[in-house]
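Below is one structure; the comments refer to it alone.
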Amino acid sequence: AQKVTQAQTEISVVEKEDVTLDCVYETRDTTYYLFWYKQPPSGELVFLIRRNSFDEQNEISGRYSWNFQKSTSSFNFTITASQVVDSAVYFCALSEWGGGSNYKLTFGKGTLLTVNP
Amino acid sequence: GAGVSQSPSNKVTEKGKDVELRCDPISGHTALYWYRQRLGQGLEFLIYFQGNSAPDKSGLPSDRFSAERTGESVSTLTIQRTQQEDSAVYLCASSLILGGDTQYFGPGTRLTVL
């Protein structure tokens, strides 16, 4: 069964600090996809990134970067020079390749990030 | 282009009443998904559609829940005889294809059962 663990329930930082959100996943499939979504106070889930299990290259997008390590089953997310607008709940999610309900996204419980001015 | 839309945005109902929640996916997206998010919790998968077919209904919490989809467009999630534990935000998502593709979410319907 697939599982996603986000051990950090809440993180509070001061603006301009760097912050890393942890995500550890479990799956028996060799082909799978990992995602990060942002849920600001407005409530709508915003897609941030999708990675497949065959691509372990780290990715950088502006102030955001992601570190995918299959050896530790982790897909961590770092925000550099955080800003108040980064305050949100961040969800890590896993989708396995295959039939039936494996098409679903399995979400972690989310990490509430608060960036204080 | 237009994203996923859901209606109503808020629904307050009395225990025992039936409710219908609607989802309009992104045009051209063949796959559609329903999730539920209870207060302060993660997202719980309910059901997915490939076209208008829902091969696996095992994620639905009880037989009071049902869903249907017309072609590759609108989907409705129906909850019969609502209970207080049904109170949650119901989120709909769509993706271009099934199987690992990015799911884009709508704004959700906040359901409150009194």
Whichever residue in segment B:88-111 is touching a Lys or Arg at 6+ places or on another chain (Cβ under 8 Å) and of a type in the set (S, T, N, Q) and, among such residues, is nearest to the other protein chains (Cβ to nearest Cβ): B:T102
Filter result for B:Q6 (in contact with a Lys or Arg (Cβ under 8 Å, 6 or more places away or on another chain) and in contact (Cβ under 8 Å) with a residue 40 or more places away in the chain): yes
Number of the exception - A:N76 against (1) within 14 Å of another protein chain (Cβ to nearest Cβ); (2) in contact with a Cys (Cβ under 9 Å, 6 or more places away or on another chain): (1)
Subset tally (residues that are in a strand (DSSP E or B) and either without any contact (Cβ under 8 Å) to a residue 24 or more places away in the chain or surrounded by 13 or more Cβ atoms within 10 Å (Cβ to Cβ) (or both)) for segment A:1-17: 4
Test for B:L114: is it farther than 21 Å from A:Y32 by Cβ, at pLDDT 95 or above, surrounded by fewer than 19 Cβ atoms within 10 Å (Cβ to Cβ) and more than 10 Å from every other protein chain (Cβ to nearest Cβ): yes
Qualifying residue in segment B:46-60 (condition: of a type in the set (A, V, I, L, M), within 14 Å of chain A (Cβ to nearest Cβ) and within 27 Å of A:S42 (Cβ to Cβ)): yes
Condition check for B:G3: surrounded by 13 or more Cβ atoms within 10 Å (Cβ to Cβ), assigned to a loop (DSSP other than H, G, I, E, B) and at negative phi: yes
Per-region count, segment B:53-105, residues of a type in the set (A, V, I, L, M), surrounded by 16 or more Cβ atoms within 10 Å (Cβ to Cβ) and either modelled with pLDDT under 90 or not in a loop (DSSP other than H, G, I, E, B) (or both): 9
Answer residue from segment A:89-117, given it is within 15 Å of A:C23 (Cβ to Cβ) and not in a strand (DSSP E or B) and is modelled with the lowest pLDDT among those: A:L105
Cβ-Cβ under 9 Å pairs, at least 6 apart or on other chains, segment B:81-93 side farther than 21 Å from B:Y33 by Cβ, far side buried (at least 21 other Cβ atoms within 10 Å of the Cβ): B:T82/B:L111
Test result for A:L113, within 14 Å of another protein chain (Cβ to nearest Cβ), of a type outside the set (S, T, Y) and either surrounded by 13 or more Cβ atoms within 10 Å (Cβ to Cβ) or in contact with an Asp or Glu (Cβ under 7 Å, 6 or more places away or on another chain) (or both): no
Identity of the residue in segment A:18-47, surrounded by fewer than 17 Cβ atoms within 10 Å (Cβ to Cβ), within 10 Å of chain B (Cβ to nearest Cβ) and at pLDDT 95 or above, that ends up farthest from the chain's Cα centre (by Cα): A:V46
Segment B:34-44, residues that are assigned to a strand (DSSP E or B) and buried (at least 18 other Cβ atoms within 10 Å of the Cβ): B:W34, B:Y35, B:R36, B:Q37, B:L43
Boolean, A:R50 is over 15 Å from A:L112 (Cα atoms), within 14 Å of chain B (Cβ to nearest Cβ) and charged (D, E, K, R): yes
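The values are calculated or read from the model by the stated rules, or taken from the named source; none is laboratory data. If you're wondering where the values come from, they're calculated on a predicted model, not measured in any experiment. Don't worry about glycine lacking a Cβ; one is built from the backbone with ideal geometry, like all the others, and counts go over all protein chains shown.
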